[in-house]
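The values are calculated or read from the model by the stated rules, or taken from the named source; none is laboratory data. Everything numeric here is computed off the predicted structure, so don't read it as measured data. As a convention, Cβ positions derive from the backbone with ideal geometry for all residues, glycine included, and neighbour counts pool all protein chains shown.
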Amino acid sequence: MTTSQEELLPATRRALLHRIAVAQAEGRAPSLVAAVVRGGRVVWHGARTSVDGHGPDENVQYRIGSITKTFTAVLVLRLRDEGVLALSDPLEKHLPGTGAGEASVAELLAHTGGLAAESPGPWWERTPGSLRPELGDVLGEQPRLHPAGRCFHYSNPGYTVLGALVEKLRGAPWEEVLRREVLEPLGLDRTSAQPLAPHAGGWAVHPWADVLLPEPLEDLGLMAPAGQLWSTTGDLAKFAAFLAHGDDRVLSAETVQEMRTPAAPVEATDLVDGVGYGLGMQLQHRDGRLLTGHSGSLPGFLANLTISVADDVAAVVLANCTSGPLLGSVGADLVRIVAEAEPRIPEPWRPLPEVDSAVLELAGQWYWGTHAFVLRLTPEGGVSLAPLAGVGRQSRFRSNGDGTWTGREGYYAGEALRAVRRPDGTVSHLDLGSFVFTRQPYEEGASVPGGVDPEGWRGIG
């Protein structure tokens, strides 16, 4: 992925540089490097460093911590798409004897399996993985703190288990599977489990003095699928483009959209911030837009990947300090700066290549009781149903190829939509999960549950 600096306006580039300069200075980071992706390509790269003349470029590795979890989730979704497992499968079906077997694959991906947040014993991020040679050492005697599926509870051991699941079903080490199935197809040749030169060193910055302490570099062993990886802004920019648009060599656009779909109940404390979790991806509403991606941290390093699919803009921010700049805020601001200063130019309107007359007949206004809705044909061959005015239940529907459709999101996700026809072939009404939509409100003669009063509409006399 090449960098095209000239594609952004000078004022936009300066605003991006100013944002990371403030973050590096106020956060007291030894170095901070960032990239912005638009239209699937890097359009800006910037770096700030405390060492004159040694600004890191897009090929310098930093440790990315829990962004590793998104890579692991991709491997699990590949297994699902191949039919090797179902997301509803309990862990016990494929990896028996862990003590966490009641949790489903989906629950582990969404951190709703009820597992503990951390591994028992010494701080696993600052100790060698050899101290935890078996899954039992990672999970401990009481792996679960909550009933599976009841609440969101972020779990690093949960992703260790998912890594072990990948190894069991692929018959190869997690790192090898990741390299073969994700890194090589996407061209991520600067992403690795062990650091490859050139790479940044990890530092702790004293909270009350401008002095440094080197952080230890540990191999996480079995915990690797939760946070081991090293990467660059260049590679993570490619990964961001993949997570936004999919790549059929790895995962389809439909599956990466599923990863970005909320899959965990929102914590009461998160309601104000509007944060959530999908399948290996964090979700956040900020500045009026939905952001997806993941953050990461390990001693000596901070990382953030932020994507706005609607704006087709993503940002990568990496720093080599244990604490300091709030990279989640920085990433969100980089996306906002580009999206607001240079809004996405929509694709030209084009008529549909072909239209089924039986589907076109359904377009237009419908009523659910007295609620007015409009049905439209969508470019991808489906339909959408939304309130004619105001807010309410709405969804896009994909065609099933047999004259029926299935809801893709919102209240009607997974629900079946079909047109019910009379004996003469004309449309009587739409049936959406038992809801009846008619051309007129409570249309006379339509199959409205409870019937329609034969005296019809009336005033108050």
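Among all residues of the stretch 310-330, there is at least one that is under 16 Å from Lys238 (Cβ atoms), outside any strand (DSSP E or B) and touching a residue at least 40 places away in the same chain (Cβ under 8 Å).
For (1) hydroxyl-bearing (Ser, Thr, Tyr); (2) modelled with pLDDT under 95; (3) out of contact with any Lys or Arg (no Cβ under 8 Å at 6 or more places or on another chain), each residue gets a yes or a no:
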| position | (1), (2), (3) |
| --- | --- |
| Pro128 | no, yes, yes |
| Leu135 | no, yes, yes |
| Val138 | no, yes, no |
| Ala164 | no, no, yes |
| Arg180 | no, no, yes |
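Every condition in (1) at pLDDT 95 or above; (2) not in a loop (DSSP other than H, G, I, E, B) holds for Val359 except the one numbered (1).
Select from the stretch 63-78 the residues that are assigned to a helix (DSSP H, G or I) and among the β-branched types (Val, Ile, Thr) and list them in ascending order. Result: Ile67, Thr68, Thr70, Thr72, Val74, Val76. Scanning the stretch 109-148 for residues that are out of contact with any strand residue (DSSP E or B) (no Cβ under 8 Å at 6 or more places or on another chain), surrounded by fewer than 23 Cβ atoms within 10 Å (Cβ to Cβ) and either of a type in the set (S, T, N, Q) or assigned to a helix (DSSP H, G or I) (or both) returns Arg126, Thr127, Gly129, Ser130, Leu131, Leu135, Gly136, Asp137, Gln142. Across the stretch 262-300, the qualifying residues are those that are among the polar types (S, T, N, Q) and buried (at least 16 other Cβ atoms within 10 Å of the Cβ), and the one among them that is modelled with the lowest pLDDT is Gln284.
Each residue in the stretch 371-390 was checked for being loosely packed, with under 12 Cβ neighbours inside 10 Å and either within 12 Å of Phe437 (Cβ to Cβ) or within 25 Å of the chain's Cα centre (by Cα) (or both), and 2 pass.
Considering the stretch 370-386, the residues that are within 18 Å of Arg398 (Cβ to Cβ) and of a type in the set (Val, Ile, Thr) include one that is modelled with the lowest pLDDT, namely Thr378.
Within the stretch 399-445, restricting attention to residues that are touching a Phe, Trp or Tyr at 6+ places or on another chain (Cβ under 8 Å) and not in a strand (DSSP E or B), which residue is nearest to Thr255 (Cα to Cα)? In this case the residue turns out to be Arg408. Across the stretch 171-192, the qualifying residues are those that are surrounded by fewer than 18 Cβ atoms within 10 Å (Cβ to Cβ) and in contact (Cβ under 8 Å) with a residue 24 or more places away in the chain, and the one among them that is nearest to Ala29 (Cα to Cα) is Asp189. State yes or no: is Ala106 of a type in the set (A, V, I, L, M) and in a loop (DSSP other than H, G, I, E, B)? It is false that Ala106 is of a type in the set (A, V, I, L, M) and in a loop (DSSP other than H, G, I, E, B).
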